[in-house]
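Asks: Pasting in a structure now, in C-alpha coordinates, and then I'll have a few things to ask.
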Amino acid sequence: PTIATDKSEVRRGDNLVIFGQSVPLSEVTINVNSEEEFFMKRVADSAGAYLLNFDTSILKMGDHQTKSKSALNGEITAFGKVVGFVVGNKNVLAGVPKKGPLRGDVNGDNKVNLIDFSIVAYWYKRANPPSSADLNGDGKVDLVDFSIMAFNWTG
(Lines give C-alpha, C1' and ligand atoms only; values in the text may rest on other atoms or scores of the structure.)
Protein backbone atom coordinates (compact mmCIF):
# COMPACT_ATOMS: atom_id res chain seq x y z
CA PRO A 1 0.00 0.00 0.00
CA THR A 2 0.96 3.62 -0.34
CA ILE A 3 1.33 5.82 2.73
CA ALA A 4 1.54 9.52 3.58
CA THR A 5 1.03 11.81 6.57
CA ASP A 6 -0.71 15.17 6.79
CA LYS A 7 2.21 16.73 8.70
CA SER A 8 6.00 16.53 8.49
CA GLU A 9 6.13 17.77 12.11
CA VAL A 10 3.35 17.30 14.64
CA ARG A 11 2.95 18.97 18.04
CA ARG A 12 3.17 16.25 20.70
CA GLY A 13 -0.35 15.30 21.76
CA ASP A 14 -1.99 16.36 18.49
CA ASN A 15 -3.27 13.84 15.97
CA LEU A 16 -1.20 12.83 12.97
CA VAL A 17 -3.30 11.67 10.03
CA ILE A 18 -1.74 8.63 8.34
CA PHE A 19 -3.43 7.66 5.09
CA GLY A 20 -2.93 5.86 1.82
CA GLN A 21 -4.28 3.54 -0.81
CA SER A 22 -4.35 -0.24 -0.97
CA VAL A 23 -6.39 -2.98 -2.55
CA PRO A 24 -10.10 -2.36 -1.86
CA LEU A 25 -11.37 -4.00 1.34
CA SER A 26 -7.92 -5.29 2.31
CA GLU A 27 -6.75 -5.22 5.93
CA VAL A 28 -4.00 -2.60 6.29
CA THR A 29 -1.48 -2.84 9.14
CA ILE A 30 0.06 0.54 9.98
CA ASN A 31 3.32 0.57 11.93
CA VAL A 32 4.59 3.64 13.79
CA ASN A 33 8.22 3.05 14.69
CA SER A 34 9.47 4.73 17.83
CA GLU A 35 11.47 3.35 20.76
CA GLU A 36 8.41 1.16 21.07
CA GLU A 37 6.67 -0.03 17.90
CA PHE A 38 2.94 0.54 17.56
CA PHE A 39 0.75 -1.50 15.19
CA MET A 40 -2.79 -0.49 14.21
CA LYS A 41 -5.16 -2.12 11.71
CA ARG A 42 -7.67 -0.52 9.37
CA VAL A 43 -9.78 -1.94 6.55
CA ALA A 44 -9.43 -0.13 3.24
CA ASP A 45 -12.74 1.12 1.87
CA SER A 46 -14.32 -0.01 -1.41
CA ALA A 47 -12.04 2.42 -3.31
CA GLY A 48 -8.93 1.18 -1.46
CA ALA A 49 -8.45 4.25 0.76
CA TYR A 50 -7.49 3.94 4.42
CA LEU A 51 -6.98 6.54 7.16
CA LEU A 52 -5.77 6.54 10.75
CA ASN A 53 -5.93 9.47 13.20
CA PHE A 54 -2.91 8.66 15.35
CA ASP A 55 -2.67 10.27 18.81
CA THR A 56 0.97 11.36 19.20
CA SER A 57 0.79 11.80 22.99
CA ILE A 58 2.22 8.27 23.34
CA LEU A 59 5.35 9.20 21.34
CA LYS A 60 8.52 10.83 22.62
CA MET A 61 9.81 14.04 21.08
CA GLY A 62 12.01 13.50 18.03
CA ASP A 63 12.11 11.59 14.76
CA HIS A 64 9.69 8.77 14.00
CA GLN A 65 8.66 6.68 10.99
CA THR A 66 5.52 5.00 9.72
CA LYS A 67 4.92 2.31 7.12
CA SER A 68 2.11 -0.04 6.11
CA LYS A 69 1.37 -3.44 4.62
CA SER A 70 -1.87 -5.07 3.52
CA ALA A 71 -3.49 -8.48 3.49
CA LEU A 72 -6.32 -9.90 1.41
CA ASN A 73 -7.43 -13.50 0.88
CA GLY A 74 -4.36 -14.94 2.58
CA GLU A 75 -1.86 -12.83 0.60
CA ILE A 76 0.22 -10.34 2.57
CA THR A 77 2.41 -7.62 1.09
CA ALA A 78 5.75 -6.58 2.50
CA PHE A 79 5.91 -3.21 4.25
CA GLY A 80 5.95 -0.42 1.68
CA LYS A 81 7.63 2.96 1.62
CA VAL A 82 8.70 4.46 4.96
CA VAL A 83 7.51 8.00 5.75
CA GLY A 84 9.31 10.03 8.39
CA PHE A 85 7.84 12.67 10.67
CA VAL A 86 8.94 14.65 13.73
CA VAL A 87 7.14 14.97 17.05
CA GLY A 88 7.92 18.47 18.25
CA ASN A 89 6.38 21.69 19.54
CA LYS A 90 4.51 22.81 16.40
CA ASN A 91 2.50 21.49 13.48
CA VAL A 92 4.02 21.71 10.00
CA LEU A 93 1.88 20.49 7.11
CA ALA A 94 3.52 17.96 4.80
CA GLY A 95 4.48 19.25 1.36
CA VAL A 96 2.73 18.11 -1.79
CA PRO A 97 4.86 15.57 -3.68
CA LYS A 98 6.28 16.70 -7.03
CA LYS A 99 4.61 15.40 -10.17
CA GLY A 100 6.58 13.00 -12.32
CA PRO A 101 5.77 10.21 -14.76
CA LEU A 102 2.48 8.54 -13.89
CA ARG A 103 3.32 5.31 -12.08
CA GLY A 104 1.16 2.52 -13.38
CA ASP A 105 0.86 3.92 -16.92
CA VAL A 106 2.11 0.72 -18.53
CA ASN A 107 1.17 1.57 -22.13
CA GLY A 108 2.40 5.20 -22.05
CA ASP A 109 -0.89 7.00 -22.76
CA ASN A 110 -0.64 9.26 -19.65
CA LYS A 111 -3.55 7.44 -18.00
CA VAL A 112 -3.76 4.58 -15.52
CA ASN A 113 -6.88 2.69 -16.53
CA LEU A 114 -8.33 -0.68 -17.52
CA ILE A 115 -5.86 -1.10 -20.40
CA ASP A 116 -2.92 -0.85 -17.99
CA PHE A 117 -4.72 -3.12 -15.51
CA SER A 118 -5.17 -5.72 -18.28
CA ILE A 119 -1.48 -5.67 -19.15
CA VAL A 120 -0.39 -5.99 -15.51
CA ALA A 121 -3.01 -8.71 -14.89
CA TYR A 122 -1.54 -10.74 -17.76
CA TRP A 123 1.83 -10.74 -15.97
CA TYR A 124 0.38 -11.55 -12.53
CA LYS A 125 2.56 -14.29 -10.94
CA ARG A 126 4.29 -15.05 -14.28
CA ALA A 127 8.05 -15.37 -14.64
CA ASN A 128 10.19 -12.52 -16.01
CA PRO A 129 7.63 -9.71 -16.29
CA PRO A 130 8.74 -6.58 -18.19
CA SER A 131 9.80 -3.66 -16.00
CA SER A 132 6.79 -1.66 -17.22
CA ALA A 133 4.42 -4.19 -15.58
CA ASP A 134 6.54 -4.71 -12.43
CA LEU A 135 5.64 -1.35 -10.86
CA ASN A 136 7.75 -1.68 -7.71
CA GLY A 137 10.75 -3.28 -9.44
CA ASP A 138 10.94 -6.42 -7.31
CA GLY A 139 11.06 -8.84 -10.27
CA LYS A 140 7.47 -10.05 -9.96
CA VAL A 141 3.92 -8.82 -10.48
CA ASP A 142 1.84 -9.29 -7.33
CA LEU A 143 -0.60 -7.51 -5.01
CA VAL A 144 1.90 -4.70 -4.37
CA ASP A 145 1.93 -3.75 -8.06
CA PHE A 146 -1.87 -3.63 -8.15
CA SER A 147 -1.85 -1.44 -5.04
CA ILE A 148 0.49 1.03 -6.76
CA MET A 149 -1.76 1.01 -9.81
CA ALA A 150 -4.89 1.62 -7.68
CA PHE A 151 -3.25 4.59 -5.96
CA ASN A 152 -2.44 6.20 -9.34
CA TRP A 153 -5.73 5.24 -11.06
CA THR A 154 -7.08 7.94 -13.41
CA GLY A 155 -9.88 5.89 -14.97
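The values are calculated or read from the model by the stated rules, or taken from the named source; none is laboratory data. In this text the structure is predicted, and so the values were computed from the model without any measurement. Glycine also receives a Cβ, built like all others from the backbone with ideal geometry; neighbour counts cover every protein chain displayed. Note: areas computed on protein heavy atoms with side chains; ligands, DNA, RNA excluded. Shrake-Rupley method; radii C 1.70, N 1.55, O 1.52, S 1.80 Å.
Asks: For the chain, with all protein chains present and a 1.4 Å probe, just round the carbon and sulfur fraction of the accessible area to a whole percent.
Replies: Carbon and sulfur atoms account for 54 percent of the accessible area of the chain.
Asks: Give me the Debye-computed log₁₀ of I(q)/I(0) at q = 0.11 Å⁻¹ for the chain, equal point scatterers on Cα only, no solvent, two decimals.
Replies: -0.47
Asks: Indicate the gyration tensor shape class of the stretch 1-79 (rounded, prolate or oblate), computed on the Cα atoms with a ≥ b ≥ c the square roots of the eigenvalues: a/c under 1.5 is rounded; otherwise a/b larger than b/c is prolate and the rest oblate.
Replies: Note, shape of the stretch 1-79 comes out prolate.
Asks: Report the local net charge at Gly80: Lys and Arg +1, Asp and Glu -1, summed over other residues whose C-beta lies under 12 Å from its C-beta. Intermediate values should be presented prior to the final figure.
Replies: On the way: positive: Lys67, Lys69, Lys81; negative: Asp138, Asp145.
With Lys, Arg at +1 and Asp, Glu at -1, the neighbours total +1.
Asks: Next question, about the same structure. Could you identify which residue out of Leu135, Leu59, Leu93 has the top mean-square fluctuation in a GNM of the chain using Cα springs shorter than 10 Å?
Replies: Comparing Leu135, Leu59, Leu93 in a Gaussian network model of the chain, the most mobile one is Leu93.
Asks: Using a 1.4 Å probe, what is the accessible area per residue for the chain, in Å²?
Replies: Per-residue value: 56 Å².
Asks: Comparing Ser70, Ser22, Ser57, which has the greatest mean-square fluctuation in the GNM of the chain with Cα pairs linked when under 10 Å apart?
Replies: Top of the fluctuation ranking is Ser57.
Asks: If you plug each phi of the stretch 108-115 into the Karplus form 6.51 cos²θ - 1.76 cosθ + 1.60 with θ = phi - 60°, what whole-Hz ³J(HN,Hα) values come out, in order, with x for Gly and Pro?
Replies: x, 9, 6, 9, 10, 8, 4, 5
Asks: Compute, for the chain, the length of the dipole vector about the Cα centre, with Cβ point charges of +1 (Lys, Arg) and -1 (Asp, Glu) only. Units Debye, rounded to 20.
Replies: For this selection, approximately 240 debye.
Asks: Also: Can you tell me how much longer the chain between Leu25 and Lys111 gets when fully stretched, taken as 0.36 nm per residue apart minus their C-alpha distance, in nm with one decimal?
Replies: Computed gain between Leu25 and Lys111 is 28.6 nm.
Asks: With all pairs of different alpha carbon atoms counted, what Kirkwood hydrodynamic radius in Å does the stretch 64-155 show? Each step should come with its number before you reach the end.
Replies: Numbers: mean 1/r = 0.0669 Å⁻¹.
Its Kirkwood hydrodynamic radius stands at 14.9 Å.
Asks: Also: Spin-label point model (7 Å from Cα, Cβ direction): what's the Tyr122 to Val92 distance in nm?
Replies: Here the modelled spin labels are 4.7 nm apart.
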